[in-house]
Amino acid sequence: MKSENDGAAGSREKARMTDKYCNICGEQLNTWDIRLSKTLAYKIPVCEECIL
Ligand SMILES: [Zn+2]
């Protein structure tokens, strides 16, 4: 029972929720969103949807 599917589509690395929120829509951000924001040199953290 290490890593059961919990319904989500099978992404290997699970993004963990952070205590940060998207500065555009207010959605709670996960580690992946943070990483994306950094990669794209966003000054404020935003969620994946708002990046796209
Ligand atoms: Zn957003």
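Bear in mind these aren't lab numbers, they're just calculated from the coordinates by the rules spelled out. Remember, it's a predicted structure, so these values are computed and weren't measured experimentally. FYI the Cβ positions are ideal-geometry reconstructions off the backbone, even for glycines, and counts take in every protein chain you see.
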Check: If you add up the charges near SER37, with Lys and Arg at +1 and Asp and Glu at -1, over every other residue whose beta carbon is less than 10 angstrom from its beta carbon, what do you get?
Finding: +2
Check: Listing ILE44, ILE34, ILE24 from the residue with the fewest other Cβ atoms within 10 Å to the one with the most, what is the order?
Finding: ILE44, ILE24, ILE34
